[in-house]
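> What follows is a single structure, and I will ask about it in a moment.
Throughout, read-outs are computed from the coordinates displayed, never taken from laboratory work. Being a predicted model, the structure only gives us computed values, none of them experimental. Positions of Cβ are generated from backbone atoms using ideal geometry, with glycine treated the same way; all protein chains shown enter the neighbour counts.
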Amino acid sequence: MKKKIAIIFTGGTIAMKIDPTIHAAIPALNAQEIIGTVKNIELMAEIEVINFSNLPSPHLNMDMLMELYLIVKSKIEDDNIDSVIITHGTDTLEETAYLFDLLLETKKPVIFVGAMRNYSELGYDGSSNLSAAICTALSPNSRDRGVLVVMNNEINAASEVTKTNTLSLDTFKSPEFGPLGIVDNDEALYYRNIVKRQHINTSKIEKRVGLLKCCAGMDADILDFYIENNYKGLIIEAMGRGNVPPNLVPGIKRALEENIVIGLVSRCNTGRVLYTYGYEGGGKQLRDLGVLFGGNLPGQKARIKLCVILGFTQDRDEIKSLFESVV
Ligand code: ASP
């Protein structure tokens, strides 16, 4: 019997064409048209099509993501469905994929896919990416791997992958440890597993979590914005090993006094943050003030993680242990 895959369409370049009047890419293809670009799909699997949206990924807000999550969860819980594929704009794909990786507890393959070239461009990669995602979804080897991202015949873990290039077809990389596997000859081949995975059992998230990137010579004014606007959490993308300009420290103290949870990651592409430096603004001082350390996550993913944790618990020790674990 053929396996059944639910494919949920959300939009992105995979569903775009160049508009002849404005000469720029906009949403245009519907689900059936995208599926129609993959030859012999009906021989491989039974497909259930779910039209969620046809939006560029920067248009997807946190409420929409949670709405999408509930649909994915219901499909996962459906005994007739073997795996779920989500087509998604590549700009924020890693955030949605990581969000679902934290929230979902399932052995069924859940796979995100998109395209870097729209349908009007030579070499539209939507068809090859979608067919690779289908091959991955059908493989028994894809079970119990966490949420996966399949692009350019590479299989990456949602928890590790990031968009690294604005135009390249192989933009999705796991810079720290590399891909889990590849799709070759219509087969998903795995070379390693994720040892560290995290599941947080909630269907509620806290949306008021900000993200602030450090730069040379910055001062603390911006922190007052987060305090005055009732933010519950803030991720600071610090410099290097986890250090900030000294002028930021008074603002960090004010935010912590207002019970804003502050998580620290690095603006470097790879490597963990740690309390190595003892100078003013150094990681040791931040640690002693109560700033949490987010390992090697990029800022946008650390923010997702804090949104989930703050939706799950208000207990400070639990927040710290969840934020700092698996890093
Ligand atoms: N801007 C597009 C989006 O994220 C990019 C893409 O899908 O590749 O929707």
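> Of the beta bridges DSSP finds with both residues in the chain, what % are antiparallel, to the nearest 5?
Once the DSSP bridges in the chain are tallied, antiparallel ones form about 35 percent.
> Under 20 °C and 1.002 mPa s, how fast does the range 202-327 diffuse according to Stokes-Einstein, given a Kirkwood radius computed over C-alpha pairs? Answer in µm²/s, whole number.
152
> Still on this structure: Taking trypsin sites (Lys or Arg not before Pro) that fall in a DSSP loop and have at most 12 other Cβ atoms within 10 Å as cut points, what is the longest piece of the chain between them?
Formally, the longest exposed-site-free interval is 205-327.
> Say a site is exposed when it is one of the chymotrypsin sites (Phe, Trp or Tyr not before Pro), sits in a DSSP loop, and has at most 12 other Cβ atoms within 10 Å; what is then the longest site-free stretch of the chain?
1-190
> Follow-up. Where does the chain land at 222 nm, in deg cm²/dmol rounded to the nearest 500, when only DSSP H runs of n ≥ 4 count, each adding -39500 (n - 2.57), divided by all residues?
-8500 deg cm²/dmol
> Okay, moving on. Against the globular-protein guess of 2.2 N^0.38 Å, express the Cα radius of gyration of the chain as a ratio, rounded to two decimals.
So the Cα radius of gyration is 1.03 times the expected 2.2 N^0.38 Å.
> Using only Cα positions of the range 59-201, each an equal point scatterer, no hydration layer, compute I(q)/I(0) via Debye at q = 0.10, 0.16 Å⁻¹ and quote the log10 values to two decimals.
Summing over Cα pairs of the range 59-201 leads to -0.30, -0.79.
> Looking only at the range 1-93, where both bridge partners belong to it, what percent of the DSSP beta bridges are antiparallel (to the nearest 5)?
25
> Based only on other Cβ atoms within 10 Å, what is the fewest-to-most ordering of Thr136, Thr21?
Thr21, Thr136
> What list do you get for Val326, Val161 if you sort them by fewest beta carbons within 10 Å?
Lowest to highest Cβ neighbour count: Val326, Val161.
> Okay, next question. Rank these for me by crowding, Ser131, Ser83, going from fewest to most other beta carbons within 10 Å.
The fewest-first ordering by Cβ neighbours comes to Ser131, Ser83.
> From the gyration tensor of the Cα coordinates in the range 1-140, what semi-axes in whole Å does the equivalent ellipsoid have, largest first, with each one equal to sqrt(5λ)?
24, 19, 11
> Sticking with this structure for a sec: Which value, to two decimals, describes the C-alpha radius of gyration of the range 80-155 once divided by 2.2 N^0.38 Å?
The reported ratio for this selection is 1.08.
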